[in-house]
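Following: one structure in C-alpha cells, then a few remarks.
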C-alpha cells in the first residue's frame, strides 16, 4: 500500500528503499525495541493470572479460570480503598506542587547570564535523580531525624520542639512530596530548558526593542514557546497519578504512618510477594494500568481539543 504525503502517493518500493538507506539508524534503535518486547510485551502474557487461581506448581496455562473473582475481592476489600485514597492524595500533591517546579526553575535558569553559575545550579539540582531511593531515603531520614537532623536542630534554635517528620501522620505526606520534588525537579528542568533553546532568539530581540520587560518576554514568548512541551509532560504526569513511586515510599514507610502512607504499590507488594497471592496482586496491578491508560487517553483528547497539542 502506497504512503500518501499531501496529495502525492509514495510507492512501496521507494519507502522500502528509504528504510534500507536508514538501516543503520534502525540498527541503533534495535536495543530499545528488544527492551520493550522482552520486558513490556512478553510479560503481558502473565496478566491472565488476574482471572485465574494461579498456582506456580501447575503454571499459568493450567491454572483454573475464575473470571472476575479477584476483582470482586479487590473492590470489596477493606485495605484496597485506603491504599487508593493515599495514592491519589500523594500523587495529586506531587502534581500540584511538583509539576510547576521544573517549569519555574527552567524559566529562572534561562534568565541567568553567568554560565558557570547556571551550569553549577543545573548539576546540583539534577544530581539527585541519579541516586537510588535507598540512598536518598537514608539521607532524608538523617536530615529530618528528631535527635540529630539538621532541620530539627534549626527548629530547636528557635525554641520549637523537635518533630519526627517521617514518623508523623501529619508530616509524612509533605515529606514524600518534598523529597520527590528534590529528586526530580532538576532532571525535568533539562526537558524544559531544551524546549526553550528551540525558541527563535529574534522574538526576544524584537520584544526588547519594543520595550518589553523580562517578565513580559517570559509571559508572551517563553511560556507560549514551550507550551506544547508543557502539555505533553502534563499528560505523562496525569497518567502517572495512580502509578505511585514504590521505591520512594517503600524506603520511607514505617508502621507509624501506614494509615496515611500505604499506597497501591506497597499494598500490592505485601499481597503479591509477602502473602504470595499472585492472582490478586495481578488484578490490582491490572486495575491500576487500566486507570492510567484511561487518564492518559482522556487528558490527551482534552489537550488536543483545548490547545491543539497532544501525544497523538
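Of 95, 16, 295, the residue with the greatest mean-square motion in the GNM of the chain, using alpha carbon springs below 10 Å, is 16.
Counting neighbouring beta carbons within 10 Å and listing from fewest to most, the residues 190, 32, 260 come out as 32, 190, 260. If you work out Rg/Rh (Cα atoms, Kirkwood Rh) from the coordinates, which of (i) 0.96; (ii) 1.04; (iii) 1.07 do you get? Read-out from the structure maps to (ii).
When the chain is treated as a GNM with alpha-carbon contacts under 10 Å, the residue of 202, 274, 188 showing the greatest mean-square fluctuation is 202. If you look at the Cα atoms of the range 237-312, you get an Rg and a Dmax of 15.7, 47 Å. The relative contact order of the chain comes to 24 percent, based on Cα pairs under 8 Å that sit 6 or more residues apart.
Using the alpha carbon gyration tensor of the range 12-67, what are the three equivalent-ellipsoid semi-axes (square root of 5 times each eigenvalue), largest first, in whole Å?
Values: eigenvalues 329, 31, 11 Å².
Gyration-tensor ellipsoid for the range 12-67: 41, 13, 7 Å.
A Förster radius of 51 Å combined with the Cβ-Cβ distance from residue 160 to residue 26 puts the calculated FRET efficiency at roughly 0.25. Both radii come from the Cα set of the range 154-247: Rg as radius of gyration, Rh as Kirkwood radius; their ratio Rg/Rh reads 1.17.
Calculated [222 nm] ellipticity per residue, helices only, for the chain: -19000 deg cm²/dmol; basis is -39500 (n - 2.57) per DSSP H run with n ≥ 4, divided by all residues, nearest 500.
Each value in this text was obtained by applying a stated rule to the coordinates, not by laboratory testing. In this text, all values refer to a predicted model and were calculated from it rather than measured experimentally. Positions of Cβ are backbone-derived with ideal geometry, glycine not excepted, and every protein chain shown enters the neighbour counts.
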